Amino acid sequence: MPQHVGIIMDGNGRWAKKRGLPRTAGHTVGANNFRTITKYCSNIGIPYLTVYAFSTENWKRPADEVQALMKLFRQYLEEALRDFQEENIKVIFLGDKSGFAPELQELIERTEKASAQKTGMVLNIAMNYGGRDEITKAARELAQEVKDGRLSVEEIDEKAISDHLYTAGQPDPDLIIRPSGERRISNFLLWQSAYAEYVTMDVLWPDFKPKDLEKALDEYAMRNRRFGGV
Ligand code: FPP
């Protein structure tokens, strides 16, 4: 069983297009599925789950789609949070929160606070998240510490960088799943995924069922992980 699973929730737009619906309809179904899969992961005992909900590049989408996604985040976070409280899930947001509207920032903070003491699965929701942005932030913080005399250049090692990422203190992902048939990493957990097993699947996110997750877990179990060794 992987300790940490990452999921790139991709294919909402195509799912909607195939049905002659607006792209935003795909996001609505995708958001529902996010709840289903999160609960499933928690029930089967996955310790850490990271879902990619909105990238630093997704702001480039048409304004109405971005607006619809922000509305969905607000609605679904409210509802999902209630569920996750019962499920004993600890929610952490990865990304630059300052990019969101004040109400959404407030909701994000409330969610993190409300679940901070939970002892079950850690759910990382990557929103306004980019792997490059995250590494840049870490470099800036470390540079500032050196400038302030709190850190020497020699003390900058891999652990120091990991400790300045949004995932500080968490294990690196073992398995990253990308549904929708695309085979790209798209700026997701760039540093953390150095040795992650990558599984792509030809199913669109709204159609991604617990049985698809099980398939990915089976494939993961068959992989021979060597971490650069033999
Ligand atoms: C990628 O599919 C999906 C997104 C950019 C949005 C993902 C968001 C959700 C599933 C909602 C999650 C909700 C919460 C509360 C975290 P796409 O639009 O790129 O699909 P396409 O490649 O088919 O166009």
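Under 5 Å from the amide H of GLN3 lie the amide H atoms of ASP174, each residue being 5 or more positions distant or on a separate chain, with H modelled from the backbone and absent for Pro and chain starts. Between the range 176-230 and the range 88-167, the C-alpha centres lie 23 angstrom from each other.
In terms of packing, defined here as the mean over residues of other Cβ atoms within 10 angstrom, the peptides 84-90, 63-69, 98-104 line up highest first as 84-90, 63-69, 98-104.
On the beta carbon distance between ASP163 and LYS18, with R0 = 41 Å, the FRET formula returns roughly 0.40. The eigenvalues of the Cα gyration tensor, multiplied by 5 and square-rooted, give the range 1-158 an equivalent ellipsoid with semi-axes of 29, 21, 15 Å from largest to smallest. Whole-Hz Karplus values for the range 15-28 come out as 4, 5, 4, 4, 9, x, 9, x, 3, 5, 5, x, 5, 4 Hz, taken residue by residue from phi with 6.51 cos²θ - 1.76 cosθ + 1.60 and θ = phi - 60°; glycine and proline positions read x. Between the amide H of GLY11 and those of TRP205, distances stay under 5 Å, these residues lying 5 or more places away or on another chain, with hydrogens modeled in the peptide plane.
Computed 3J(HN,Hα) for the range 207-222, one whole-Hz value per residue from the Karplus formula 6.51 cos²θ - 1.76 cosθ + 1.60 where θ = phi - 60°, is 9, 6, 10, x, 5, 6, 4, 4, 4, 5, 5, 5, 5, 4, 4, 8, glycine and proline marked x.
Partner aspartates and glutamates whose Cα lies under 13 Å from the Cα of LYS211, excluding those fewer than 8 positions away in the same chain, are identified as GLU219. Counting lysine pairs in the range 39-171 that sit 8 or more residues apart in sequence, or on different chains, and whose Cα atoms lie under 25 Å apart gives 23.
Solvent exposure of the chain amounts to 51 Å² per residue of accessible area, where only protein heavy atoms count and the probe is 1.4 Å.
Helices in the chain, meaning DSSP H runs of at least 4 residues, each add -39500 (n - 2.57). Divided by all residues, the mean residue ellipticity at 222 nm is -14500 deg cm²/dmol. Sites listed here are GluC sites (Glu not before Pro) in the range 167-215 whose DSSP assignment is loop and whose Cβ has at most 16 other Cβ atoms within 10 Å: GLU182.
Applying the criteria of a DSSP loop state and at most 13 other Cβ atoms within 10 Å to the trypsin sites (Lys or Arg not before Pro) of the range 1-88 yields ARG19.
The values are calculated or read from the model by the stated rules, or taken from the named source; none is laboratory data. Remember, predicted model here, so these are calculated numbers, not experimental data. Cβ: placed from backbone, ideal geometry, glycine included. Neighbour counts: every protein chain shown. Remember, those area values only see protein heavy atoms, side chains included, never the ligands or the DNA or RNA. Shrake-Rupley method; radii C 1.70, N 1.55, O 1.52, S 1.80 Å.
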